[in-house]
Amino acid sequence: MYNSLGEVYYSQGQYPMALLNFEKALSIYKNERTGSALRETVALSNIGSVMIVQENYDGALQIFLQSFATIECEQPRHPRVALCLNNIGFAYRNKGDHSTAITYFNRALKFCQSYLPENSETTAISYLSVTSVLTENEYDLAVEYFEHVISIYNHIGLPHHQNIIRCHIYHGRLYRKMHDHQSALAWYKKAIFHCENAPLPQRHTLWVMIYTSSGTECHLMGDFSRTLIEYEYALQHISDDSLEIPRIHSEIDLCRRKIIETDVRQTIAFMLDTLGNIQ
């Protein structure tokens with residue numbers, strides 16, 4: 001019951017309540033006479049996922065390692081093993097250690113290819129995890145993996161799944177690394193289409209990811225007015241306790257200063273041009 005409640009709170013962006021319920025679930029599972037390694041692993045993974053959102057990456061890493069050790073010992077070929085490996089990779093990625101992250105992502109993918117069906121959702125997750133840390137020099141491999149993810153979710157009848165949305169966001173970010181900002185924006189637009197058809201609750205991290213990613217592209221293009229709009233959209237979809245809020249407000253303040261500076265420069269240039277014509 002507590003685990004299900006936690007998942008509801010998590011989906012609504014109420015992360016402290018989600019964490020509280022996941023911790024209660026874990027406590028119950030540990031105290032059961034017939035302990036379930038699988039249920040403990042799920043509860044630990046959920047706790048770690050909340051910590052990731054709260055940017056407690058070191059804490060999440062320790063929880064994910066504990067989760068992996070729990071399931072690997074009892075059920076070494078269970079699909080949850082791959083999910084645990086992916087989670088460890090996510091923690092390292094968020095800590096900025098991409099080389100260690102991709103090691104874990106590739107371990108997860110190899111596990112899936114060895115033990116799971118080709119169209120397993122866990123396999124799709126593992127493909128997607130790898131793409132999140134690929135560079136612009138690995139574009140062809142990333143596209144191949146994106147296609148695998150989309151194909152799997154279409155096969156299981158989930159054409160607007162959240163991981164398809166992540167696919168499009170990662171695809172856009174890959175174009176950012178290639179300095180092709182218009183193509184990046186086109187992929188974020190596709191992500192919005194899937195968000196609207198999922199449908200996602202209005203306050204969800206994927207909305208925020210899309211709009212902050214779009215804002216970054218616009219900023220890099222020097223379109224500060226549109227950047228401002230994208231970040232304001234992000235604020236409309238963010239949870240009240242998100243640690244992203246101060247950063248987004250900082251970006252908004254920077255955009256406003258850039259807009260003012262641009263207006264001042266244009267005004268001065270116009271005045272100088274006018275004076276030159278008069279003389």
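The values are calculated or read from the model by the stated rules, or taken from the named source; none is laboratory data. Everything quoted here is computed from the prediction, not taken from an experiment. No Cβ is skipped: glycine too gets one built from the backbone with ideal geometry, and neighbour counts run over all protein chains shown.
Here are a few things to note about the model shown:
- Criterion: of a type outside the set (Asp, Glu), within 25 Å of Ala82 (Cα to Cα) and within 17 Å of the chain's Cα centre (by Cα) - qualifying residue of Leu174, Leu141: Leu174
- His237 being on the phi < 0 side of the Ramachandran plot and either of a type in the set (A, V, I, L, M) or more than 19 Å from the chain's Cα centre (by Cα) (or both): no
- Residue identified as hydroxyl-bearing (Ser, Thr, Tyr) and under 17 Å from Ala43 (Cβ atoms) among Ser67, Ser99: Ser67
- Filtered by the rule that a residue be at pLDDT 85 or above and either within 13 Å of Arg203 (Cα to Cα) or of a type in the set (A, V, I, L, M, F, W, C) (or both), the range 11-21 gives Tyr15, Met17, Ala18, Leu19, Leu20.
- Some residue of the range 188-195 being aliphatic (A, V, I, L, M) and part of a helix (DSSP H, G or I): yes
- For the range 1-17, a tally of residues being touching a residue at least 60 places away in the same chain (Cβ under 8 Å) and either surrounded by 17 or more Cβ atoms within 10 Å (Cβ to Cβ) or among the aromatic types (Phe, Trp, Tyr) (or both) returns 3.
- Only one of Lys177, Lys190 that is touching a residue at least 40 places away in the same chain (Cβ under 8 Å), surrounded by fewer than 21 Cβ atoms within 10 Å (Cβ to Cβ) and in contact with a helix residue (DSSP H, G or I) (Cβ under 8 Å, 6 or more places away or on another chain): Lys177
- Taken over the range 155-187, the residue count meeting the criterion of being part of a helix (DSSP H, G or I) and within 24 Å of Glu138 (Cβ to Cβ) is 23.
- Hits in the range 94-104 (condition: within 15 Å of the chain's Cα centre (by Cα) and either of a type in the set (Val, Ile, Thr) or closer than 20 Å to Ala69 by Cβ (or both)): Lys95, Ala101
- Leu228 falls short on exactly one of the conditions (1) surrounded by fewer than 18 Cβ atoms within 10 Å (Cβ to Cβ); (2) touching a Cys at 6+ places or on another chain (Cβ under 7 Å), and that condition is (1).
- Cβ-Cβ under 6 Å pairs, at least 6 apart or on other chains, the range 57-72 side closer than 22 Å to Tyr115 by Cα, far side acidic (Asp, Glu): Thr70/Glu40
- Residue satisfying all of: in the range 84-111; farther than 19 Å from Thr122 by Cα and touching a Phe, Trp or Tyr at 6+ places or on another chain (Cβ under 7 Å); surrounded by the most Cβ atoms within 10 Å (Cβ to Cβ) among these: Tyr92
- The set of residues from the range 64-80 being more than 11 Å from Ala37 (Cα to Cα), more than 18 Å from the chain's Cα centre (by Cα) and crowded, with 22+ Cβ neighbours inside 10 Å is empty.
- Selection of the range 217-251 for residues being hydrophobic (A, V, I, L, M, F, W, C) and under 21 Å from Gly172 (Cβ atoms) yields Cys218, Leu220, Met221, Phe224, Leu228, Ile229, Ala234, Leu235, Ile238, Ile248.
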